[in-house]
Amino acid sequence: MNARRVTFASKIGVIAAAAGSAVGLGNIWRFPSQTADGGGAIFILVYIGCILFFGIPLMVSEFVIGRSSRANTAGAFHKLSPGTPWKWVGRLGVLTGFIILGFYMVVCGWTLDYLMQSVTGNLQGIEDFSSNFTSLLCNPLRQILWMILFAFLTAFFILSGVKKGIEQSAKIMMPMLFLLLIILAVRAIMLDGASGGLTFLFKPNLDHVKPTVFLDAMGQAFFSLSIGMGCMITYGSYFDNRINFTRTAMQVATLDTLVAILAGIIIFPAAFALTANPATIVDELVAGGPGLLFITIPELFNQMHASSLWASLFFFLLALAAITSTISLMEVVTVYLHEEYNLSRRKSTLLVTAGVMILGVISSLSSSFFNILDISSAKFMLPIGGLFISLFVGWHLDQKLVYAELTNQGTIKIAIGFLKIYTFLLRFIVPPAIVAIFIYGLMA
Ligand code: TRP
């Protein structure tokens, strides 16, 4: 093991950091709006299939690449396969991370804005939550200032070092968020008329299916699990040799999926219960697009006692969930510059922060730019990255090394059985399925 590199301090720290990366705005902001758009239960079924068949094997693959190379995302491919074009997969990943940050940071800014609105009590008693959100969207300066603040906060954590910054924050805050989501879900289900939302979420209705549902669900699965760009390669490079990859990936995927579905159980029942015109609610949800979270959740709080308090707590924890994700994204790009270009960690961080702010400013000014970054990263770059990662680990990498990493040098007996399924999926299922979904989604 390379002595220069730090590792995460404990097992629980590993899970917290990986889950902290996975659980973020993707679960609570993006998942509900994608689910609305994708027709509810059908989307969720396809989504869960993608998590099981692509998500877990690919997360394990990224861990394998990361820990066996102990390098940044691009350096890892270079180290494991010197002198080959595979390093471009890593470079594509770094670019993808940068692009995701370019729109994600804007949504992070929205959460800070809503946190402020909650703390000051301004969110209380608003009549029209939809126009409240639109007024934020129509105010680029307000969005930009919050986005810049969030980018600086992320940079601060990156500079304070891997162990202290990432691990500590994730360990405390993730469980708190989880608890609050459960409370909110119970509250939402108790509203009159909430059952329509649950039906939409859990009872497949073929009337709402769109042909792009596979591509959309696959993109969401990659995005939500933080896979396909090497985020888990970089985190895997900090894992010590005792970490059980299979178990970690399953735990992270389970937590991540639970949080996304919980978010759905909050937002859809609330939206169905609180709407004035139930007949058109599905169309409204689709039209609401990225605003869903910022419109429906405040509406739900408005139904509760001590609404400002709940709202403040929620947006605070949401911002924390978001920052453990932006940290993971920024870490990938930063450590790439740091290790590949011999820049100091400090300089790399500042450079990345400045770059992200530039993209963030453009995303704040133009919703089409925002959407281009969102769609190109989630639906194209991540699945392409995932495709090459599966080919790399399934076909290219020395299978003895994969065996050693997956079973921790043969010490995890159960992983030996799992290895068969895993290699089969990586070789014969994941690559053709990604390609098929792509072609089908693009033709639809
Ligand atoms: N998964 C995070 C979320 O759901 C976002 C994220 C962090 C991410 N790192 C990533 C997405 C790497 C794709 C790739 O909010």
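The values are calculated or read from the model by the stated rules, or taken from the named source; none is laboratory data. This is a predicted model, so every value here is computed, not measured. Virtual Cβ from ideal backbone geometry, glycine too; neighbours counted across all protein chains shown. We work out accessible area using only protein heavy atoms, side chains counted, and drop any ligands, DNA or RNA first. Shrake-Rupley method; radii C 1.70, N 1.55, O 1.52, S 1.80 Å.
Basic side chains Lys and Arg get +1 at the Cβ, acidic Asp and Glu get -1 at the Cβ, and with that the dipole of region 11-443 about its Cα centre reaches some 1580 debye.
Where does the chain land on the Kirkwood hydrodynamic radius, alpha-carbon pairs, in angstrom? It works out to 21.8 Å. Ordering of 286-292, 231-237, 366-372 by packing is 231-237, 286-292, 366-372, highest average first (other Cβ atoms within 10 Å, averaged per residue).
State, to one decimal in nm², a quarter of the convex hull surface area for the C-alpha atoms of region 104-187, i.e. the direction-averaged projected area. Over all viewing directions, region 104-187 projects a mean Cα-hull area of 6.9 nm². For region 228-240, backbone phi angles converted through the Karplus equation (6.51, -1.76, 1.60; θ = phi - 60°) give residue-by-residue couplings of x, 9, x, 4, 7, 6, 4, 5, x, 5, 9, 6, 8 Hz, Gly and Pro being listed as x. Choose one of A263, N342, A185: the residue whose Cα lies farthest towards the positive end of the charge dipole of the chain (beta-carbon charges +1 Lys, Arg; -1 Asp, Glu; about the Cα centre). Of the listed residues, the answer is N342.
Dividing the radius of gyration of the alpha carbons in region 278-320 by their Kirkwood radius gives 1.07 for Rg/Rh.
Do any of K11/K203; K203/K413; K79/K420; K171/K347; K87/K347; K87/K400 go past 30 Å between their Cα atoms, and which? Over 30 Å apart, Cα to Cα: K11/K203; K203/K413. For the chain, the longest principal axis of the alpha carbon atoms and the long axis of helix 11-22 meet at an angle near 60°.
Surface exposure of region 11-443, expressed per residue as accessible area with a 1.4 Å probe, stands at 37 Å². Here the chain is scanned for trypsin sites (Lys or Arg not before Pro) in DSSP loops (not H, G, I, E, B) that have at most 11 other Cβ atoms within 10 Å, and the longest stretch holding none of them is 5-241.
The C-alpha atoms of the chain define a longest principal axis, and helix 56-69 lies at about 50 degrees to it. Scalar couplings 3J(HN,Hα) for region 375-388, obtained by applying the Karplus form with A = 6.51, B = -1.76, C = 1.60 to θ = phi - 60°, are 5, 5, 6, 5, 8, 10, 5, 5, x, 5, x, x, 4, 5 Hz; x denotes Gly and Pro. Here the Karplus curve 6.51 cos²θ - 1.76 cosθ + 1.60, taken at θ = phi - 60°, turns the phi angles of region 291-307 into couplings of x, 2, 4, 7, 9, 6, 5, x, 5, 5, 4, 4, 7, 9, 5, 6, 4 Hz, with x standing for Gly and Pro. Only helices enter this figure: runs of n ≥ 4 DSSP H residues, each worth -39500 (n - 2.57), summed and divided by the residues of the chain, yield -23500 deg cm²/dmol at 222 nm to the nearest 500.
Projecting the Cα atoms of M218, F63, G24 onto the dipole axis of region 11-443, where Lys and Arg carry +1 and Asp and Glu carry -1 at the beta carbon, places F63 farthest toward the positive end. For the chain, take the longest principal axis of its alpha carbons; what is the angle in degrees between that and the long axis of helix 213-225, to the nearest 10 within 0 to 90? For 213-225 against the chain, the angle is about 70 degrees. The packing ranking, built from the mean of other Cβ atoms within 10 Å per residue, places the peptides 115-122, 380-387, 59-66 in the order 59-66, 380-387, 115-122, highest first.
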